[in-house]
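Since the structure comes first, as structure tokens, the remarks are kept for the end.
The values are calculated or read from the model by the stated rules, or taken from the named source; none is laboratory data. Note that this is a predicted model, so its numbers are computed, not measured. With ideal geometry, Cβ positions are generated from the backbone for all residues, glycine too; neighbour counts draw on all protein chains shown.
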Amino acid sequence: MIFEGLSDKLQGALSKLKSKGKLTEKDIKDAMREVKLALLEADVNFKVVKDFIKKVQERCVGQEVMESLTPAQHIIKIVNEELTSLMGDVSSKVVISPKPPTIIMMVGLQGAGKTTTSGKLGGYFKKQGKRPLLVACDVYRPAAIKQLQVVGEKLDIPVFNMGDKESPINIAKAGLSHALKNNNDLVIIDTAGRLHVDEALMDELKSIKSEVKPHEILLVVDSMTGQDAVNVAESFNETLGVDGVVLTKLDGDTRGGAALSIRAVTQKPIKFIGMGEKLDDLEQFHPDRMASRILGMGDILSLIEKAQENMDMDKARELEQKIKKQELDFEDFLEQMEQIQNMGPLDKILGMMPGMGNIKDQLGDVDLNGKEMKRTKAIVQSMTVEERRNPTILNASRKKRIARGSGSSVQDVNRLIKQFNEMKKMMKMFTGSQKSMKKRGGFA
Ligand code: GDP
């Protein structure tokens, strides 16, 4: 789950307030101290933390909050709004030029994920109907060109390269002409990185910039490097000027410092986040959704978008009706498992849901890997149609028969029934009222 330590600590500090009725200034001060520590431990820039706490505290001791009937909810709302504003308030998009091709220049240090992200971005825009061209200008890192070619092949996106003997500036220019000739309306230039920011690198990037006049310079930084990422962003922005940041490796064990400080320190927005090594693990960055995820309020909007990308919407509507009427049966269960499996690893999906910690506990041993799926299928297929539609009739002798028929044990059958019931509960929560979320400890 994203920024787990930070998320737990912030939620801990704020939920202490929830258990109190009226709040005193001291209660708020104590909570703010905890929030401050949590942010510092997450490696958020010191000055950013100081400003943040000052703003939140000022708003929290205001009359409206202190006299409200639900002061804790108010404070959570304020923290949510200020976290959002720290990351930029609105989602910033890549500017698409009215006169094609749009040129995006990718810059960053070696290992940040530039080449991977160039491919991911190409795939992202291709899905939106663009005709991207990837241009391989990293002539220094061994195998960078080959890597881009492999990525391009996987995504079925053309890659322009001139080997590693030509200068990156000439390659970029030739790439542009190639795009014009071949009707590519988006050019993504993968430039070279270095281990550290140095003058030679910056000079080269400046030359490419002045030759090809990109519409966007996107800086790729590795979120795992915390404040170093922020420093790198500052120096690239000062020397070269960047339009936005792509923060990679947010799927890893990263504390959150980079995500929460970059915008405040550099004034440049995070535009995309990398959530894994696969080529579709790229998400547009939404500050409000990220703040909600950090505060455990879930990110239902991103989840719905992900579902829309992967699900058969007619089936989803049919399912929604069934859940509303409480008619979910084992055939739907099987279908759902398959669809969720298409969406990616379960813990990632759960991370987007409100009250996720609790659900994870409830789900316990639900395993969506291939072996478990096969067993589940076999068990469901060994049920009669009547049993699938009406699982309550599954008594001991029916379970025994199903276990025998599917080559599994009665315990396996029982476990599946338990999982099915948990899934039913989870589904109800999805479509259910805010009341049921509150009961499970979410803030919604
Ligand atoms: P470059 O030197 O900046 O071009 O970096 P690469 O694109 O070669 O990426 C360096 C490593 O980071 C590779 O192993 C990538 O698979 C990995 N990587 C890139 N983005 C992500 C991400 O969002 N999440 C994870 N887990 N790994 C990533």
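Looking across the range 384-401, the residues that are of a type in the set (A, V, I, L, M, F, W, C) and within 15 Å of residue 421 (Cβ to Cβ) come down to 393, 394. The residues of the range 385-403 that are surrounded by 14 or more Cβ atoms within 10 Å (Cβ to Cβ) and free of Cβ contacts under 8 Å to residues at least 60 places away in the same chain, listed by number, are 387, 388, 394, 398, 399, 401, 402, 403.
Of all the listed residues (161, 170, 183), the sole one being away from the ligand (no atom under 14 Å from the Cβ) and at positive phi is 183.
Within the range 99-130, the set of residues being within 13 Å of the ligand (Cβ to nearest atom) and in contact with a Ser or Thr (Cβ under 8 Å, 6 or more places away or on another chain) comprises 106, 107, 112, 113, 114, 116, 117. The set of residues in the range 264-300 being of a type in the set (Lys, Arg), crowded, with 21+ Cβ neighbours inside 10 Å and within 15 Å of the ligand (Cβ to nearest atom) consists of 271 alone. When the residues of the range 153-196 are filtered to those that are assigned to a loop (DSSP other than H, G, I, E, B) and charged (D, E, K, R), which remaining residue is farthest from residue 236 (Cα to Cα)? Filtering the range 153-196 for residues that are assigned to a loop (DSSP other than H, G, I, E, B) and charged (D, E, K, R), the one farthest from residue 236 (Cα to Cα) comes out as 156. Evaluate the following for residue 171: is it touching a helix residue (DSSP H, G or I) at 6+ places or on another chain (Cβ under 6 Å) and either surrounded by 22 or more Cβ atoms within 10 Å (Cβ to Cβ) or touching a residue at least 40 places away in the same chain (Cβ under 8 Å) (or both)? No, not satisfied.
With the condition kept exactly as written, say whether any residue in the range 238-253 is aliphatic (A, V, I, L, M) and touching a Pro at 6+ places or on another chain (Cβ under 9 Å). Looking through the range 238-253, at least one residue is aliphatic (A, V, I, L, M) and touching a Pro at 6+ places or on another chain (Cβ under 9 Å). Residues in the range 347-354 include none that are touching a helix residue (DSSP H, G or I) at 6+ places or on another chain (Cβ under 7 Å), crowded, with 18+ Cβ neighbours inside 10 Å, farther than 29 Å from residue 12 by Cβ and modelled with pLDDT of 60 or more. Scanning the range 131-144 for residues that are under 18 Å from residue 244 (Cβ atoms) and either within 16 Å of the ligand (Cβ to nearest atom) or part of a helix (DSSP H, G or I) (or both) yields a total of 0. Picking from residues in the range 208-262 that are surrounded by fewer than 23 Cβ atoms within 10 Å (Cβ to Cβ) and hydroxyl-bearing (Ser, Thr, Tyr), the one that is farthest from the ligand (Cβ to nearest atom) is 210. Pairing residues of the range 20-32 that are over 14 Å from residue 73 (Cα atoms) and assigned by TED's automatic domain parsing to the domain that holds residue 62 with residues that are of a type in the set (A, V, I, L, M) and in a loop (DSSP other than H, G, I, E, B), at Cβ distances under 9 Å and at least 6 apart in sequence or on separate chains, gives 25/61; 29/61. Of all residues in the range 226-253, those that are in contact with a strand residue (DSSP E or B) (Cβ under 9 Å, 6 or more places away or on another chain), of a type in the set (S, T, N, Q) and assigned to a helix (DSSP H, G or I) total 1.
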